[in-house]
């Protein structure tokens, strides 16, 4: 019994602080000036990723703000020659992420272009999908 009591924390000492846990971020509200700045930035060619980093918000929030204000969004795809390059690099064994980084687009953009061309994709382990 004494051995068990020795394993218990000393009741006279303060309890240890809790382990740092993930704290949800508080939603950041953009004022009217920032919203206008975001819209102008997007229309000038900035991506939702760049604007998200600039204003400290998620890219999905940027898209939501643009949609809420009726700003037409552009869907970035690859030009035909870059799709050919993407197919070639993917066939060499490059990952979608690596091809996307090389071409300056999101890996999902590469995936969508490959699928439109009928290219069979691999799973995360490099095996052909069934």
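Filtering the range 74-103 to residues that are surrounded by 11 or more Cβ atoms within 10 Å (Cβ to Cβ), under 30 Å from residue 42 (Cβ atoms) and out of contact with any helix residue (DSSP H, G or I) (no Cβ under 9 Å at 6 or more places or on another chain) leaves only 84.
Here the range 105-118 is the region considered, the condition is being out of contact with any helix residue (DSSP H, G or I) (no Cβ under 9 Å at 6 or more places or on another chain) and either free of Cβ contacts under 8 Å to residues at least 24 places away in the same chain or not in a helix (DSSP H, G or I) (or both), and the residue that is surrounded by the fewest Cβ atoms within 10 Å (Cβ to Cβ) is 118.
Within the range 42-73, restricting attention to residues that are under 19 Å from residue 112 (Cβ atoms) and surrounded by 11 or more Cβ atoms within 10 Å (Cβ to Cβ), the residue that is modelled with the highest pLDDT is 63.
Here's the yes/no breakdown for (1) part of a helix (DSSP H, G or I); (2) over 22 Å from the mean Cα position of the chain (by Cα):
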site: 71; (1), (2): no, no
site: 77; (1), (2): no, no
site: 81; (1), (2): yes, yes
site: 85; (1), (2): yes, yes
site: 120; (1), (2): no, yes
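The values are calculated or read from the model by the stated rules, or taken from the named source; none is laboratory data. Just so it is clear, the structure is predicted and the values come from calculations on it, not from any experiment. Neighbour counts are summed over all protein chains in view; Cβ atoms, including those assigned to glycine, are modelled from backbone coordinates with ideal geometry.
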